[in-house]
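What follows is a short report on a single structure.
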Amino acid sequence: MDGPFVTWAHTEGGRRLAAAFDRAREQGRAALVGYWMGGYPDAEASEAALLALARGGCDVLEVGLPFSDPVADGPVLQQAGAVALQAGAGFRRVLDVATVVQAAVPETPVVVMGYYNLFLQMELGTVAAELARRGLAGVIVPDLPVEEAGEMRAALAAHELAWVSLAAPTSGERLALLAEAGDGFIYAISHAGVTGVRQGVAPGARELVEGLRRHTGLPVALGFGVSGPQQAAAYRFADGVVVGSAFVLRWMEAPTRRDALREVEGLARALHEALVGR
């Protein structure tokens, strides 16, 4: 399955995502996918944080939709989501944040990550048309099994948006289905459980990536638990790493907003450099 990742993508959004991984590979490194909770700590600051991630070298940006009952978010993102909701971060307001960021960094594809109930508030075709109109690349929905995602995948595909599959260490025989359904990249969950900062390399992470590669030529990015440059470097066997909680935690621990932005951009830059040498 050698060759450009982009040739494996199915939609325009998928091709934009795969092309970002191709550009990283041409530079001799794994790609960096940066997650931020949309609307945390408020809309203006979340825009600034996402742009700091892009300046720091993130190849793809994920914008989280805060939700009152998250099932995949760890403590840091749960806290960030609660603050965002208190600040009024509804579905459309977070999409506004994503839209502003996508327009500011058009070469960096932006995907939205949120729970299915949020999308069901609107007719799926209407949601997909809205996301496409805003120039976004695709969607990640952690609580929608691929076996039940046909309607949403079809709605996204009709508007040239990517459906990014999530594969876990427990996916087992479902890996083939998850890989074949994915578009843009496959999000491989390094640890079973929720997001959060962890140490060390997850047992079975390499086997998960290799298992997915047997079924797809799309890039495979590892996420859930990547805490810093040393750990990111250890995951260079993947095509990319996804980092979220570590960025948000840097913000939470900074004394001022200016310091927080500097910390977020600095961590992105350090992670980007650690991924060179793939």
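The values are calculated or read from the model by the stated rules, or taken from the named source; none is laboratory data. Remember, it's a predicted structure, so these values are computed and weren't measured experimentally. Every residue, glycine as well, gets a Cβ built from its backbone with ideal geometry; the counts of neighbours run over all protein chains shown. Note: accessible area is taken over every heavy atom of the protein model, side chains too, but ligands, DNA and RNA are not part of it. Shrake-Rupley method; radii C 1.70, N 1.55, O 1.52, S 1.80 Å.
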note = Distance in nm between Ala270 and Glu173 label points, each 7 Å along Cα→Cβ, equals 4.5
query = What shape does the chain take by its C-alpha gyration tensor, where a ≥ b ≥ c are the square roots of the eigenvalues and a/c under 1.5 counts as rounded, a/b above b/c as prolate, and the rest as oblate?
reply = rounded
query = In whole Å, how far is the Cα centre of the range 22-47 from that of the range 229-278?
reply = 10
ask   = With no solvent and one point per C-alpha, what does the Debye sum give as log10 I(q)/I(0) for the range 24-73 at q = 0.21, 0.29, 0.31 Å⁻¹?
value = -0.76, -1.06, -1.13
remark   = Over the range 236-278, with neighbouring protein chains present, the accessible area per residue in Å² at probe 1.4 Å is 45
message = For Cα pairs less than 8 Å apart in space and 6+ apart in sequence, what is the mean separation divided by the residue count of the chain, i.e. the relative contact order in percent?
response = 24
ask   = Counting other Cβ atoms within 10 Å, which GluC sites (Glu not before Pro) in the range 95-182 have at most 15 and lie in a DSSP loop?
value = Glu107, Glu123
note = Which residues qualify? For Tyr35, with a placed amide H closer than 5 Å and at least 5 residues away or on another chain, they are Glu62, Val243, Gly244
ask   = Given labels modelled 7 Å from the Cα in the Cβ direction, how far is it in nm from Ser68 to Glu207?
value = 4.1
ask   = To the nearest 0.05, how large is the calculated FRET efficiency for Arg258 and Arg92 if R₀ is 25 Å and r is the Cβ-Cβ distance?
value = 0.30
ask   = If you count the DSSP beta bridges with both ends in the chain, what percent of them are antiparallel, to the nearest 5?
value = 5
query = Rounded, prolate or oblate: which one fits the range 20-179, using the alpha carbon gyration tensor with axes a ≥ b ≥ c (rounded when a/c is under 1.5, else prolate when a/b beats b/c, else oblate)?
reply = rounded
message = Give me the dipole magnitude in Debye, nearest 20, for the chain about the Cα centre, with unit charges on the beta carbon: positive for Lys and Arg, negative for Asp and Glu.
response = 660
note = Summing -39500 (n - 2.57) over every DSSP H run of at least 4 in the chain, dividing by its residue total and rounding to the nearest 500, the 222 nm mean residue ellipticity is -14000 deg cm²/dmol
message = Please list, ordered by chain and number, the residues whose modelled amide H lies under 5 Å from the amide H of Ile186; skip anything fewer than 5 residues away on the same chain.
response = Val220, Ala221
